[in-house]
1. How many residues are closer than 22 Å to residue 25 by Cα and of a type in the set (Asp, Glu) when one looks only at region 97-130?
2. Condition test on residue 90, is it over 10 Å from the mean Cα position of the chain (by Cα) and at pLDDT below 85?
3. Answer yes or no: is there a residue in region 50-60 that is of a type in the set (Gly, Ala, Ser), open to solvent by 40 Å² or more (accessible area, probe 1.4 Å) and at positive phi.
4. Can you pull out the residues in region 32-46 that are at pLDDT below 90 and open to solvent by less than 20 Å² (accessible area, probe 1.4 Å)?
5. Residue under question is residue 57, and the condition is that it be at pLDDT below 80 and of a type in the set (A, V, I, L, M, F, W, C); does it hold?
6. Does region 101-113 contain at least one residue that is closer than 21 Å to residue 48 by Cα, in contact with a Pro (Cβ under 9 Å, 6 or more places away or on another chain), in a loop (DSSP other than H, G, I, E, B) and at pLDDT below 85?
7. Going residue by residue through region 60-70, is there one that turns out to be touching a strand residue (DSSP E or B) at 6+ places or on another chain (Cβ under 6 Å), modelled with pLDDT of 90 or more and in a loop (DSSP other than H, G, I, E, B)?
8. So which residues in region 61-100 are open to solvent by less than 50 Å² (accessible area, probe 1.4 Å) and of a type in the set (Ser, Thr, Tyr)?
Amino acid sequence: MHRLCVAIALVTAALPASWASAQPNLAPNPGFEMGEADLPLGWGQRTPSDAARELAWSADAPHSGQRCVTITNRTDTLSRWRSGHGGDLRLKPGTAARLSAWVRTHELQGRAYLLLYSLDAKGEVLAQPS
C-alpha cells in the first residue's frame, strides 16, 4: 500500500520571486481546512475511491492546520485530487505563477507529483505536462 498526503497546495501570482510571499494565494481552500461532507471545498476527486485506491479528506497527520487530503493506492495506479477545473482559478495570459505543495509519502514506489494544466474558456486542455 502506498500512501500520499498532500497538506498544502498553493498557486501564487508571482512578480519577482522576492515578492511572492506578499501575493495572494489563488488556490481555493489551499490548506484543505473548509469542507462539506467528505470533500474539501474547491477540490474534487479526479479519480474515484475504489478497490485500487482511496482518496480521503482527512485529519490524519496534516502538515499544518487540521486537515489534509490523502491518496492511498492499493495497486500501481494513477490517483488524483484536482482543483480549478471549473474555471474558478484564472490567470491572465502571460502571467507568471508559482505552483507549490507540501507532500508526504509513505512506502512510495514510483513517484508523486503535482501537475498544472492550462485550459481554455471551454475547459479544453491547452497545455499539460508530458
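The values are calculated or read from the model by the stated rules, or taken from the named source; none is laboratory data. Computed from a predicted model, the values in this text were never measured in an experiment. With ideal geometry, Cβ positions are generated from the backbone for all residues, glycine too; neighbour counts draw on all protein chains shown. Note: areas computed on protein heavy atoms with side chains; ligands, DNA, RNA excluded. Shrake-Rupley method; radii C 1.70, N 1.55, O 1.52, S 1.80 Å.
1. 1
2. On the way: over 10 Å from the mean Cα position of the chain (by Cα): yes; at pLDDT below 85: yes.
For residue 90, the condition - over 10 Å from the mean Cα position of the chain (by Cα) and at pLDDT below 85 - is met.
3. First, pick out the residues of region 50-60 that are of a type in the set (Gly, Ala, Ser): 51-52, 56, 58-59.
Subsequent filtering for residues that are open to solvent by 40 Å² or more (accessible area, probe 1.4 Å) retains 51, 59.
Cutting the leftovers down to at positive phi gives us none.
No, region 50-60 contains no residue that is of a type in the set (Gly, Ala, Ser), open to solvent by 40 Å² or more (accessible area, probe 1.4 Å) and at positive phi.
4. Residue satisfying the conditions is 44 alone.
5. Numbers: at pLDDT below 80: no; of a type in the set (A, V, I, L, M, F, W, C): yes.
Judged against the criteria, residue 57 is not a match.
6. yes
7. No; the residues of region 60-70 include none that is touching a strand residue (DSSP E or B) at 6+ places or on another chain (Cβ under 6 Å), modelled with pLDDT of 90 or more and in a loop (DSSP other than H, G, I, E, B).
8. Result: 70, 72, 77, 79, 83, 100.
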